[in-house]
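First comes the structure, then the notes that go with it.
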Amino acid sequence: MNLLRRTLAVLAPFGLALLVWAGLSATGRINAFILPAPGAVLRALIQGLCSGELLSATALSLWRVGCGFGISVVTAVPLGIALGSSHRLRGLLDPLLKFVRPIPPIAWLPLAILWFGIGNGPSYFLTMVASFFPILTSTMTGVENVSQQHLAVARCFGATRASILWDIVIPSSLPMMISGIRTGFGFAWMAVVAAEMIATRSGLGYLIYTSQDLLRTDRVLVGMLVIGMIGLLVDTLIVHLKDRWIHWV
Amino acid sequence: MLSLENIYFKYPARRRGNGDAHWVLEDISLTAAAGEFISIIGPSGCGKSTLLSLISGLLRPSRGRILAQGREVLGPSRSRVLIFQGHLLFPWKTAIQNIEFVLKARGLSQGLRRRQALEYLQRVRLEAHADAYPRELSGGMQQRIGIARALAAEPDILLLDEPFSSLDLVAKCAIIDELKAIASQMGKTVILVTHNLEEAFHVGHRVYLLTKGPGRIAATFDPSATKPDQLQSLGASSEFQAFQKKVSAFMTDPAAAQR
Ligand SMILES: Nc1ncnc2c1ncn2[C@@H]1O[C@H](COP(=O)(O)OP(=O)(O)OP(=O)(O)O)[C@@H](O)[C@H]1O
Ligand SMILES: [Mg+2]
């Protein structure tokens, strides 16, 4: 019962948006090239699913984002911990990081194409750049804000450095780390679509881009729907994991 | 054996603003032998917590020396454990994990830790709450876990900063008796900072009274010769009433009381 009500609460806004969309199309005043009717998009979706084209594009995009985002998690988290715990290191690298951070990921694309050529390379690189800074910054902030008193307690008990890292620093900065990872994934997912539009011949970004050329607005919308859906799913998954891991608050 | 020799302390001045920080503690000397239970009382802000941090080694005195077991205190050590004001359990660890953390620092193997940790929890009668997180425990229960965690370090010197403030009288008496037994049987030194005069008088072999601004030892009392055994009935005893009167005289006007 409760589950049913929760599911309904999640679906209701989607239903409303769909209703508005269907209503607009039904007036017949809007050109189907500009906004195809829900039915047409559904047909394109089914067609894409049956031909396998949509699944393979989605799988490819997910793979690319997984690689770039994965690299970024395994590098940004340790670096963030190091920067968060050492004043000296932070002083040394902070200006450089502050300079690189505001460069939007998409601005790296021309360079990435020059470096890696057309193919998967630019996508890996762009998703990495996009997710690196949110993860780094929030890990760093989380570690900087570990309670000095908790650290004093740990030192008082003669805990080793490894134990302080593992038992104090990581658990108390974990909520910040996860929220950085969450933002990071969102950025990476946006970046992969951008990279695929320009630097590859496959994936969801490419599908949207080429569909526009072919005047297949229905397929453009199908691509966008899938992108939104996956973003929502991954975000829900991360929030779910966060609630499972951080059960002490 | 702990001895403080003419300790002075001030916190480092902030770079800008209130230029020269004043002394928080001035010329503090005291000794505590193994097996002794010392209490420290004084008005809020007189430097009691600071004094315990100095003894623990988390802070270093600006002048003077602190000796523990004959060696100068140069930094924190598991042999002198401080129970902070406001318990400070690790919220991401359960009661038993908080204690296991200390046993890990002592180098116990993983297999031994849980069993041993349970024994320490039993000492504060909280074995039933071993797997509860601090937020799921009452303030008094958290204080008892904090005490169990400190005992798990098996320190020579136990420093307690208002550790009983959220305990009811029964729980408090039980823990005080336990701590007194630990101190006398195992030859540990316990230093208790408290605002509660009954507690201070009841447990203390000696009671030091600090005054404020700068913190100095204004008076030393020696209740051990006279006090009755029960904390509950202390209020009625004439010795305690005399002690209480002297303390309040010092608190209101230290100079006059000195004469
Ligand atoms: N980290 C700090 N930096 C600067 N000054 C501090 C710091 N901690 C405490 N002080 C100052 O030192 C003095 C003594 O503080 P302390 O915490 O030792 O008092 P206390 O006797 O424990 O008080 P209470 O009974 O309220 O716990 C206070 O005047 C306080 O303002
Ligand atoms: Mg204090």
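On average over all directions, what projected area in square nanometres does the protein assembly as shown have, based on the convex hull of its Cα atoms?
Value for the protein assembly as shown: 34.3 nm².
Put +1 on the Cβ of every Lys and Arg and -1 on every Asp and Glu Cβ in the protein assembly as shown; which of B:Cys173, A:Leu45, B:Leu118 then has its Cα farthest towards the positive end of the dipole?
Farthest towards the positive end: A:Leu45.
What's the angle, to the nearest 10 degrees (0 to 90), between helix B:110-123's Cα axis and the longest principal axis of chain B?
Value to nearest ten degrees: 50.
Please compute the contact order of chain B in relative form: average sequence separation of alpha-carbon pairs under 8 Å and at least six residues apart, divided by the residue count, as a percent.
25
What net charge do the residues around B:Val190 carry, taking every other residue with its C-beta under 13 Å from that of B:Val190, with Lys and Arg at +1 and Asp and Glu at -1?
Result for the neighbourhood of B:Val190: -2.
Using just the Cα positions, wrap the stretch B:144-259 in a convex hull and report its mean projected area in square nanometres, one decimal place.
In nm², the orientation-averaged hull projection of the stretch B:144-259 is 8.0.
Just B:Thr94, B:Thr211, B:Thr189 to compare: in a GNM of chain B, with alpha carbon springs under 10 Å, which one fluctuates most?
Judging by the Gaussian network model, the answer is B:Thr94.
Sort A:74-83, B:103-112, B:145-154 for me by packing, meaning the mean count of neighbouring Cβ atoms within 10 Å per residue, highest on top.
B:145-154, A:74-83, B:103-112
Under a plain spin-label model, where a point goes 7 Å from the Cα along Cα-to-Cβ, how far apart in nm are B:His22 and B:Glu119?
5.0
Using only the Cα atoms of the stretch A:135-249, what do you get for the radius of gyration and for Dmax, in Å?
Answer for the stretch A:135-249, Rg first and Dmax second: 20.8, 69 Å.
How big is chain A by the Kirkwood estimate over distinct Cα pairs, in Å?
20.7
Return the single residue from B:Asp156, B:Asp168, B:Asp177 with maximal mean-square fluctuation; model: Gaussian network over chain B, springs between Cα atoms under 10 Å.
B:Asp168
Report the one residue of A:Ser173, A:Gly142, A:Val153 whose Cα lies farthest in the direction of the positive end of the charge dipole of chain A (charges on C-beta: Lys and Arg +1, Asp and Glu -1; origin at the Cα centre).
Sorting the options by dipole projection puts first A:Val153.
For the pairs A:Lys98/B:Lys10; B:Lys188/B:Lys245; A:Lys242/B:Lys93; B:Lys48/B:Lys104; B:Lys10/B:Lys104; B:Lys48/B:Lys172, flag any whose C-alpha to C-alpha distance is greater than 28 Å.
Check vs 28 Å cut-off fails for A:Lys98/B:Lys10; B:Lys188/B:Lys245; B:Lys48/B:Lys104; B:Lys10/B:Lys104.
Taking chain A as a Gaussian network, Cα atoms linked when under 10 Å apart, which of A:Pro134, A:Pro122, A:Pro175 shows the biggest mean-square fluctuation?
Its mean-square fluctuation being the largest, the pick is A:Pro175.
Nearest 5 is fine: what % of DSSP beta bridges in the protein assembly as shown come out antiparallel, could you say?
50
Against the longest alpha carbon principal axis of chain B, how many degrees, from 0 to 90 and to the nearest 10, is the axis of helix B:238-252 turned?
70
What percent does the relative contact order of the stretch B:80-154 come to when contacts are Cα pairs within less than 8 Å and at least six residues apart?
After rounding, I find 47 percent.
Work out Dmax and Rg for the stretch B:96-161 from the C-alpha atoms and quote the Rg first, both in angstrom.
Cα radius of gyration and Dmax of the stretch B:96-161 are 11.3, 32 Å respectively.
Each reported figure results from applying straightforward, stated rules to the coordinates on display, with no laboratory input. Just so it is clear, the model here is predicted, and its values are computed rather than measured. Heads up, the Cβs are rebuilt from the backbone with ideal geometry, glycines too, and the neighbour counts pull from every protein chain shown.
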